[in-house]
Each structure stands twice: as C-alpha cells, then as structure tokens.
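Everything on this sheet refers to the single structure shown next.
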Amino acid sequence: MDWDMEEIRDGETVWRFDREFLTSRWACLWGRGCLGIGPEPAEHLGLGCCSIGADLGDGDEARMVAALAATLEPDQFERYPDAVDGGIFSDDERTHTRVVDGACIFLNRTGFAGGAGCALHLAATATGESPMDWKPSVCWQLPIKVDWKEAEDGTEVATVRRWTRRDWGTDGETMAWCCTEGPLAYVSDRPVIDSLGGELESIVGADVYVELRRRIVGP
C-alpha cells in the first residue's frame, strides 16, 4: 500500500510518517461502537482488540507487566483468581498474556464492579499515572504501527503508519472488522497528530514529534 509519507532524519534513524493517518479523525471506539476483531461483529461483548491477548516486546516488558499485575487487588482485576491459579502469561517464555474466556486476562468485562476495560489501564489512571507506563507497548501503541528496516547506508528506517488487517497475521484473515479500515472509527474532533500525541511522542521522541507536528499542523 502507498501512503503520502513525511520524512524526518534523527541521527542514524530516518522516520517516515503516514501523513494521511496523522491528519485523519480516527478515534478508538472501545465501549462506544467498537465491533471487536472477532470473526463476527460483536459490539455487545466489549472485547475490542483484546480478544487475542497481548504480545510482549521483551523480557523487561514482561517483568514490568508482572510486577504491576502483582499490585492489582481483586476489586480492580476481574480475573484475579485466574492470575493466582495460572499466572498472567500464556507461555513459559512470557511472550504473551493469557487468554481467559475469550479475551486477555487483564480485560475486565462489562458489568464488573471495578470497571470495564483493561485492569492495568484502570489501575494506572486511578493512581494518577499514564496507562502507557503500565500496559504492554503493543496495547498503548495501537493503532500506530512501526516498521523497522535497515537501509543500504546503515541507517534505520522507521515507518510509522496505521495498523491494517494484514498486520494481525492469520487472525486478520478472519476479522469481521478492522477499525482503521472503513469510515466507522473516523469520528474524532481532533486529528491523530493531536489525539495520539502522547503515544507518538513516546515512540519517536520529543524533538521528532515537535518537528512532525510543525510540518503537519504548522507553527
């Protein structure tokens, strides 16, 4: 797929940004119309993109998630008993969170007294901290996707774009709906460059984000 790209060089990294997505009015519809990523549209289940659990980037991220999960109380974490009995990871290498009853172990379901949604996200908010500091990176970055590639001159090229169906691998082939494809989720009153500004800045760094915003939005 071809996108209109904005390029910013930062030392040995060349950042390439999908301008169309950054200027779009995409918004996360979880809890207000999200159809989920299952084989059938299922807004009523409230699963969002949590139905296949979360991939963990490395051992440090797994240790962080484990440490934070250990601070959650039963009234914050619906699957607390499952976590105690079987842990929070799906494998001994701790590369993925467990799926329990059709969703990530951290997803509190609609109607849970402690609040629906990611237990880590809710706990971070309750303590006045950023959910980005608590959640697996793949979770807080969605729908932002970064593709890394080494150029012939040895520099790294990082392409920042929207997730697409194909990025979900074989799961994408059976998804009934992908939130970045089609018009349903493009309903925000702000462009993505602003609404996901914190996430973008965390990914690319403050200097690159400031320059990116100057080019996209203006001074």
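Filtering region 168-213 down to residues that are under 25 Å from residue 130 (Cα atoms) and without any contact (Cβ under 8 Å) to a residue 24 or more places away in the chain, which residue is least open to solvent (accessible area, probe 1.4 Å)? Show your work before the answer.
The first filter runs over region 168-213 and keeps only residues under 25 Å from residue 130 (Cα atoms), leaving 179-180, 185-213.
Pick out the ones that are also without any contact (Cβ under 8 Å) to a residue 24 or more places away in the chain and you get 194, 197, 201, 206, 209-210, 213.
On the way: 194: 47, 197: 6, 201: 78, 206: 47, 209: 25, 210: 96, 213: 80 Å².
Only one residue tops the list, namely 197.
Can you pull out every residue in region 173-196 that is polar (S, T, N, Q) and under 12 Å from residue 26 (Cβ atoms)?
Going residue by residue through region 173-196, those that are polar (S, T, N, Q) are 174, 180, 188, 195.
Matches in region 173-196: 180, 188, 195.
Could you list, in sequence order, all residues of region 47-73 that are open to solvent by 70 Å² or more (accessible area, probe 1.4 Å), closer than 18 Å to residue 123 by Cα and in a loop (DSSP other than H, G, I, E, B)? Write out each step before concluding.
Step one: list which residues in region 47-73 are open to solvent by 70 Å² or more (accessible area, probe 1.4 Å), which gives 55, 58, 60, 63, 70-71, 73.
Next, only the ones that are closer than 18 Å to residue 123 by Cα stay: 63, 70-71, 73.
Listed by number, the residues that qualify are 70, 71, 73.
Take the residues in region 146-167 that are open to solvent by 40 Å² or more (accessible area, probe 1.4 Å), touching a Ser or Thr at 6+ places or on another chain (Cβ under 8 Å) and in contact (Cβ under 8 Å) with a residue 12 or more places away in the chain, then tell me which one is farthest from residue 43 (Cα to Cα).
Per the stated criteria, the residue is 156.
Could you pull out every one of the helices (runs of 4 or more DSSP H) wholly within region 162-219 that has 3 or more residues that are within 13 Å of residue 17 (Cβ to Cβ)? Talk me through it step by step, then tell me what you get.
Working: elements: 170-174, 192-195, 197-204, 206-216.
Hits in region 162-219: 197-204, 206-216.
Sort out which residues of region 130-161 are within 18 Å of residue 208 (Cα to Cα), more than 17 Å from the chain's Cα centre (by Cα) and not in a strand (DSSP E or B), and write them in order of number.
155
The values are calculated or read from the model by the stated rules, or taken from the named source; none is laboratory data. From a predicted model like this one, the values you see are computed outputs, not experimental measurements. Neighbour counts run over all protein chains shown; Cβ positions are idealised from the backbone, glycine included. Surface accessibility is based on the protein's heavy atoms, side chains included, excluding ligands, DNA and RNA. Shrake-Rupley method; radii C 1.70, N 1.55, O 1.52, S 1.80 Å.
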